[in-house]
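The values are calculated or read from the model by the stated rules, or taken from the named source; none is laboratory data. A quick note: this is a predicted structure, and the numbers were derived from the prediction, not measured. Reconstructed Cβ throughout: ideal geometry from the backbone, glycine too, with neighbour counts over all protein chains shown. Just so you know, the surface numbers come from the protein's heavy atoms only, side chains and all, with ligands and any DNA or RNA stripped out. Shrake-Rupley method; radii C 1.70, N 1.55, O 1.52, S 1.80 Å.
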Amino acid sequence: SRGRKIKRRSKASSERASVGITGMGEQGTSGSEGGGSMVEAQAPAKKGDGRAADPRLQGISDAIRVVPHFPKPGIMFNDITALLLRPGVFKDAVDMFVERYRGMGIAAVAGIEARGFIFGPAIALAIGAKFIPLRKPGKLPGEVISETYTLEYGTDCLEMHVGAVEPGDRVVVVDDLVATGGTLSAAIKLLEKDTSSIMQCSHLSISTA
Ligand SMILES: O=P(O)(O)OC[C@H]1O[C@H](OP(=O)(O)OP(=O)(O)O)[C@H](O)[C@@H]1O
Ligand SMILES: Nc1ncnc2[nH]cnc12
């Protein structure tokens, strides 16, 4: 044997993630696309409630592996790496973000490290926006602003280069998932600290409920 170790974790749960592309409307404006609600697209459409479910959501949900008790007991981990192995489903997920934000005059897509870096650049390129990495501490070489936040399993910090966002830029914050919301709200605070930018927030909304 060449000594290659394969670490086996507990089996994936048969539970499926419930998925939507969830968005929050612009800060400080009214009547904007997105409607100001973090949950508008999160729940699967129920019969007769007036919302048509996008047929792509089922495929996206099926492609996300739910791993119980990772990285800690009690956490139902939504593993998007399984989705990334399926190019058609990965494309569906990116396309749904792009369809939501194309033509809205978005100047920047800010992706949250690390999983926001998986979806963010593809979305930015497709809508003709710049991509801004919101990074974990100590990774950016220029002048930064920071925001510390609480995670479902620990604390962390996000940093952004000063000047990456210009005043008045319309910015979409992209990530894969919201759990406690700590990461997303830290990203919003970071962007609010630096600029008079107008924000939308969007993520591949996943819940195991
Ligand atoms: O809503 P919250 O409770 O803040 O949790 C959501 C965040 O947690 C995950 O990232 P994580 O910090 O695990 O880092 P990673 O992307 O580097 O894996 C996920 O990608 C979100 O960014
Ligand atoms: N339940 C979860 N699954 C995947 N990533 C997460 N980050 C925080 N909570 C998570």
Inset, instruction - Considering every residue within the stretch 149-156, establish whether at least one is modelled with pLDDT of 95 or more, hydrophobic (A, V, I, L, M, F, W, C) and either closer than 19 Å to T183 by Cβ or open to solvent by less than 50 Å² (accessible area, probe 1.4 Å) (or both). - result: no
Legend entry - Answer residue from the stretch 159-189, given it is more than 13 Å from ligand 2 (Cβ to nearest atom), closer than 16 Å to V109 by Cβ and acidic (D, E) and is least open to solvent (accessible area, probe 1.4 Å) among those: D169
Legend entry - Of all residues in the stretch 95-119 being within 16 Å of ligand 2 (Cβ to nearest atom) and closer than 17 Å to I60 by Cβ, the one that is surrounded by the most Cβ atoms within 10 Å (Cβ to Cβ): G116
Legend entry - Positions within the stretch 72-101 being at pLDDT below 95, more than 11 Å from I21 (Cα to Cα) and of a type in the set (K, R), in sequence order: K72
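Being open to solvent by 10 Å² or more (accessible area, probe 1.4 Å), of a type outside the set (A, V, I, L, M, F, W, C) and either over 17 Å from the mean Cα position of the chain (by Cα) or within 16 Å of ligand 1 (Cβ to nearest atom) (or both) is the requirement here; does D79 meet it? Walk me through how you get there before you give the answer.
On the way: open to solvent by 10 Å² or more (accessible area, probe 1.4 Å): yes; of a type outside the set (A, V, I, L, M, F, W, C): yes; either over 17 Å from the mean Cα position of the chain (by Cα) or within 16 Å of ligand 1 (Cβ to nearest atom) (or both): yes.
Yes.
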